[in-house]
Amino acid sequence: MRFNEKELVFLSRQPSERAAELGMRGPKKGDVVKRRLVKLIVNFLFYFRTDEDEPIGALLLEQCRVEREDDHVFSIAFLDEAERKYLFECGSQEQCVEWIDAIVKASYEFMRKNLIYYRTEIHRLTGKDPLEQYGISDETRFQVNSGLPPPPT
């Protein structure tokens, strides 16, 4: 996927769902933990040097796995490169859980699954498709694929 650098910088300056200084270690062997300002904005995780305004990197939170490594550490690995993990050290166990929850809920796929789940529930309860009034009920992206589990609660 291609991104325009100016658009990413603009996005990085928008209000964030979560932001904190965390310890961060990149996926390369030999990378060390460094303090970074980490900001979750929509489905991007931006990271900054703590004394700079422009991000030094961004992770698009799609097709990734977020896992808890220990009480204060979580990791992000992308499905096409599962062996490459980004590690994040939090200040507390509670902060770690909050970051994991926020990142999981930030992905397009999570939101899509929720939309499909609630669309199905509304249709079951009312007999009407709530997307029909918007003319988008037949779009492929809103269709249920067999094998998709319902969203987590």
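The values are calculated or read from the model by the stated rules, or taken from the named source; none is laboratory data. Not measured: the values here are computed from a predicted model. Neighbour counts are summed over all protein chains in view; Cβ atoms, including those assigned to glycine, are modelled from backbone coordinates with ideal geometry. The area values use the complete protein model at the heavy-atom level, side chains included, leaving out ligands, DNA and RNA. Shrake-Rupley method; radii C 1.70, N 1.55, O 1.52, S 1.80 Å.
At 0.36 nm per residue, and after removing the present C-alpha to C-alpha distance, how many nm does the segment from residue 4 to residue 80 gain when stretched out fully?
Gain on extension, residue 4 to residue 80, equals 25.1 nm.
Against the globular-protein guess of 2.2 N^0.38 Å, express the Cα radius of gyration of the chain as a ratio, rounded to two decimals. Don't skip to the end; give the middle numbers.
Values: Rg = 18.0 Å, N = 153, 2.2 N^0.38 = 14.9 Å.
The reported ratio for this selection is 1.21.
Rounded to the nearest 500 deg cm²/dmol, what is the calculated helix-only ellipticity per residue at 222 nm for the chain, with -39500 (n - 2.57) per DSSP H run of length n ≥ 4?
Values: 3 runs with 41 residues, N = 153.
Result for the chain, helices only: -8500 deg cm²/dmol.
Can you list the cysteines of the chain that have no other Cys Cβ under 4.7 Å away?
That list is 64.
Run the quick spin-label model on residue 70 and residue 102: label points 7 Å from Cα toward the beta carbon, then report their separation in nm to one decimal.
Here the answer is 2.3 nm between the modelled labels.
What are the GluC sites (Glu not before Pro) within region 48-153 that DSSP puts in a loop, where the Cβ has at most 15 other Cβ atoms within 10 Å? Each step should come with its number before you reach the end.
On the way: sites: 52, 62, 67, 69, 81, 83, 89, 94, 98, 109, 121, 132, 139; in loops: 52, 62, 139.
Taking region 48-153 and a limit of 15 other Cβ atoms within 10 Å, the loop GluC sites (Glu not before Pro) found are 52, 62, 139.
Determine the alpha carbon to alpha carbon distance for each of 85/105; 34/105; 6/29; 29/113 and list only those over 28 Å.
Distance filter (> 28 Å) returns 6/29; 29/113.
Region 1-70: D in µm²/s via Stokes-Einstein (Kirkwood Rh, Cα pairs, 10 °C, 1.306 mPa s)?
122 µm²/s
Per residue, how large is the accessible surface of region 8-106? Use a 1.4 angstrom probe and give square angstrom.
57 Å²
Could you please state how large a percent of the accessible area of region 8-106 is carbon and sulfur, counting protein chains only and using a 1.4 Å probe?
For region 8-106, the apolar C and S fraction of the accessible surface comes to 45 percent.
Sticking with the crude label model, points 7 Å out along Cα→Cβ, report the distance from residue 20 to residue 141 in nm, one decimal please.
3.1 nm
If the only charges are +1 at each Lys and Arg Cβ and -1 at each Asp and Glu Cβ, what is the size of the charge dipole of region 66-139 around the Cα centre, to the nearest 20 debye?
Values: 9 positive and 17 negative charges, 84 e Å.
The calculated dipole for region 66-139 is roughly 400 debye.
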